[in-house]
Amino acid sequence: MGTTGRAVLGLDAAWTSTEPSGVALAIETESGWRLAALDASYDQFLGRANGTAPGETRPGGSRPNAAELLAAAQTICARRVDIIAIDMPMSRRPIAGRRLADRLVSERYGARAAATHSPGTDRPGAISDKLRAEFEAEGYALCTAPPAQGLIEVYPHPALIEFLKAERRLEYKAGKTGVYWPALSLDERHLNLRAVWARIVEALERRIGGVAERLPRPDPQVRGWRLKAYEDKLDAVVCAAVAIACLDRQAVAHGDQDAAIWVPAPHVAV
């Protein structure tokens, strides 16, 4: 089939089973990459594969199941997924604290406000270990060195820095507008947030067609869980975009043989 007909799955995976996780499925067509599905939770994605549209219901948290996610993806796009890109610490060894991968990414991007969070035995803990083992059982082993294949770990903050050629981390987290712009009113902060989201969506649309259609800018009055659901879906698309860069050998693995965080190469843009 050559290089066309490939598919990638991006997972903005919550570190606990109580929070929802964004899911993005992208497929390669003769005219380029297209977004085949985008949902704000695992359950919504599985429901889509069964013919149930999520509608306006609030997404819920659940424990991911690798076999179910892969089967749903194949049902939706009628092809096998080539790479799963997940925004969650992954390792061949139990994660007890900061890994070399975390230190290397933090050294490279910390000055640009994109250092990694610190994983531990509780978060993500067993969720990460179980999901990695499940994907490996399905034929997607954790990949820590080129060529990228199977399951890869990504981190959206440095990915967006490289994709958009940004000076520092983009201010796009819905729950941190007060930190980003403390002197502004709530309405002004939300206008700024939506402007950053629009910038990210515009850039991702150039890499994956259909992103802008599925992620229109939320109305100014929208608040609460709907903003978090939008953010989770946006992160899932970023994961999918990193997976595409990996397939095209345009990404760098930061880490060792046990764990690595994949970041788009500095010359890659969307």
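Identify all residues within segment 104-128 that are in a helix (DSSP H, G or I) and either hydroxyl-bearing (S, T, Y) or more than 22 Å from V238 (Cβ to Cβ) (or both); write none if there are none.
Answer for segment 104-128, where residues must be in a helix (DSSP H, G or I) and either hydroxyl-bearing (S, T, Y) or more than 22 Å from V238 (Cβ to Cβ) (or both): S106, Y109, A126, S128.
Pick out the one residue from E202, E188, E171, E231 that is of a type in the set (D, E), under 23 Å from S118 (Cα atoms) and assigned to a helix (DSSP H, G or I).
Step by step, each of E202, E188, E171, E231 is checked, and only E231 is of a type in the set (D, E), under 23 Å from S118 (Cα atoms) and assigned to a helix (DSSP H, G or I).
For A37, are the conditions met, namely being within 19 Å of D235 (Cα to Cα) and either of a type outside the set (S, T, N, Q) or in contact (Cβ under 8 Å) with a residue 24 or more places away in the chain (or both)?
So A37 passes the test.
Of all residues in segment 100-154, which are polar (S, T, N, Q) and either in contact with a Pro (Cβ under 7 Å, 6 or more places away or on another chain) or over 17 Å from A243 (Cβ atoms) (or both)?
Answer for segment 100-154, where residues must be polar (S, T, N, Q) and either in contact with a Pro (Cβ under 7 Å, 6 or more places away or on another chain) or over 17 Å from A243 (Cβ atoms) (or both): S106, T116, S118, T121, S128.
Filter segment 143-160 down to the residues that are within 15 Å of the chain's Cα centre (by Cα) and either among the β-branched types (V, I, T) or assigned to a helix (DSSP H, G or I) (or both) and list them by number.
If the condition is that a residue be within 15 Å of the chain's Cα centre (by Cα) and either among the β-branched types (V, I, T) or assigned to a helix (DSSP H, G or I) (or both), then I152, V154, P156, H157, P158, A159, L160 are the ones that fit.
So if I check each of R199, R226, R214, which one is within 29 Å of I244 (Cβ to Cβ) and modelled with pLDDT under 95?
Being within 29 Å of I244 (Cβ to Cβ) and modelled with pLDDT under 95 holds for just one of R199, R226, R214, which is R226.
Is it the case, given these coordinates, that I261 is under 21 Å from S21 (Cα atoms), part of a helix (DSSP H, G or I), touching a strand residue (DSSP E or B) at 6+ places or on another chain (Cβ under 7 Å) and modelled with pLDDT of 95 or more?
no
For F163, only one of the following conditions fails: (1) assigned to a loop (DSSP other than H, G, I, E, B); (2) surrounded by 21 or more Cβ atoms within 10 Å (Cβ to Cβ). What is its number?
Result: F163 fails condition (1) only.
The values are calculated or read from the model by the stated rules, or taken from the named source; none is laboratory data. Please read all numbers here as calculations on a predicted model, not as lab measurements. All Cβ positions, glycine included, derive from the backbone under ideal geometry; neighbour counts span all protein chains shown.
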